[in-house]
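Beneath this line is the structure, given in structure tokens, with notes to follow.
The values are calculated or read from the model by the stated rules, or taken from the named source; none is laboratory data. This one's a predicted model, so the numbers in the text were calculated from it and none came from an experiment. When we count neighbours, we look across all protein chains shown, and the Cβ atoms used for this are built from the backbone with ideal geometry, even at glycine.
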Amino acid sequence: MKISSVGVLGSGQMGNGIAQVVAISDLKVTLVDISPEFLERGLRNIKNSLNKLVSKQKISAQELQGALSNISTSTNFSSISECDLIIEAIPEIPDLKFKTFSELDKICKAKTILATNTSSISINEIANSTSRPDRVIGMHFMNPVPIMKLVEIINGKSTSPEVSKTIISLTEKLGKIPLCCNDSPGFVSNRILCPMINEAILTLQEGVAEPEAIDGIMKLGMNHPIGPLALADLIGLDTVLNIMRVLHEGFNDEKYAPANLLIEMVKENKLGRKTNIGFYEY
């Protein structure tokens, strides 16, 4: 299967990053969101990111212009109906994902591959919202997308080998490293990462240490590039909570129960960098 045009649904932090790496790989990409304001903000972030790459001499000014020329924007779903691949990057709300994939299934051409950037929601359940479960797959990019090399490729039980092979090839074309797994709550990355973050939050909740000490011990002692609490702030505490709930419900195991402190902070809108306050102030 040849991928020459890509639709990215959602222009937030992940969506605009995905659109950037697609565009800089000389593929046409249409970025779709529900409002012009969201799209303008997404494009602004792409331009800022590309300008940083130029200043670091990672890309040329000509490559910057070429990437921008590959990007179009729209608030209309139908604008991506002829794309070879759709990558969904909307909020981690299961019912919203299912509804969106059902709508994409109806408007996209039969050969279109439908990929989700979900960090934890079941690929099988998303695929069941469509009439093409063999053409649904997970493409879990890491944040920040332009910098992080990994894309976690998640195969559903019905994902065809041909679709998987195509997405692996495309991921390599984007300059990323594809590593594959099968559908399971949290996949590999967040099944391991988010319980560690949750344990760090419990450590803070129980008064064992302050955030700086918890993060410092994990950075200096375990050689982590960023501490778990600072990482939670970067990911977004609401996203961490959603993932922990998926794990808790998916495995029906109390060891995955989200920390009360995490629940309270999300209720107070202390979500980390996106609200300028979480375990740290920004």
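Figures for the structure shown
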item: Residue pairs meeting the criteria (Cβ under 8 Å; at least 6 apart or on separate chains; first buried (at least 22 other Cβ atoms within 10 Å of the Cβ), in segment 187-203; second of a type in the set (Ser, Thr, Tyr) and modelled with pLDDT of 95 or more); result: Asn198/Tyr256
item: Matching entry among Pro178, Pro228, Pro195, Pro211 (being modelled with pLDDT of 95 or more and in the same structural domain as Ile24 (by TED's automatic domain parsing)); result: Pro178
item: Segment 245-270, residues that are touching a Phe, Trp or Tyr at 6+ places or on another chain (Cβ under 6 Å) and either over 18 Å from Asn190 (Cα atoms) or surrounded by 21 or more Cβ atoms within 10 Å (Cβ to Cβ) (or both); result: Leu247
item: Output for segment 22-44, where each listed residue is surrounded by fewer than 23 Cβ atoms within 10 Å (Cβ to Cβ) and aliphatic (A, V, I, L, M); result: Leu27, Ile34, Leu39, Leu43
item: Where Lys270 falls short, out of the listed (1) assigned to a helix (DSSP H, G or I); (2) within 27 Å of Leu96 (Cβ to Cβ); result: (1)
item: Helices (runs of 4 or more DSSP H) contained entirely in segment 137-233, each with at least 2 residues that are in contact with a Pro (Cβ under 7 Å, 6 or more places away or on another chain), more than 21 Å from Arg245 (Cβ to Cβ) and not polar (S, T, N, Q); result: 161-173, 211-222
item: Filter result (more than 17 Å from Met1 (Cβ to Cβ), touching a Gly at 6+ places or on another chain (Cβ under 8 Å) and surrounded by fewer than 24 Cβ atoms within 10 Å (Cβ to Cβ)) within segment 123-140; result: Asn124
item: Hey, Ile59 part of a loop (DSSP other than H, G, I, E, B), surrounded by 14 or more Cβ atoms within 10 Å (Cβ to Cβ) and in the same structural domain as Gly175 (by TED's automatic domain parsing) or not; result: yes
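One line per residue, one yes/no per condition, for (1) under 30 Å from Leu237 (Cβ atoms); (2) of a type in the set (Ser, Thr, Tyr); (3) assigned to a strand (DSSP E or B):
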{"site": "Glu82", "(1), (2), (3)": "no, no, no"}
{"site": "Ser102", "(1), (2), (3)": "yes, yes, no"}
{"site": "Lys111", "(1), (2), (3)": "no, no, no"}
{"site": "Ile126", "(1), (2), (3)": "yes, no, no"}
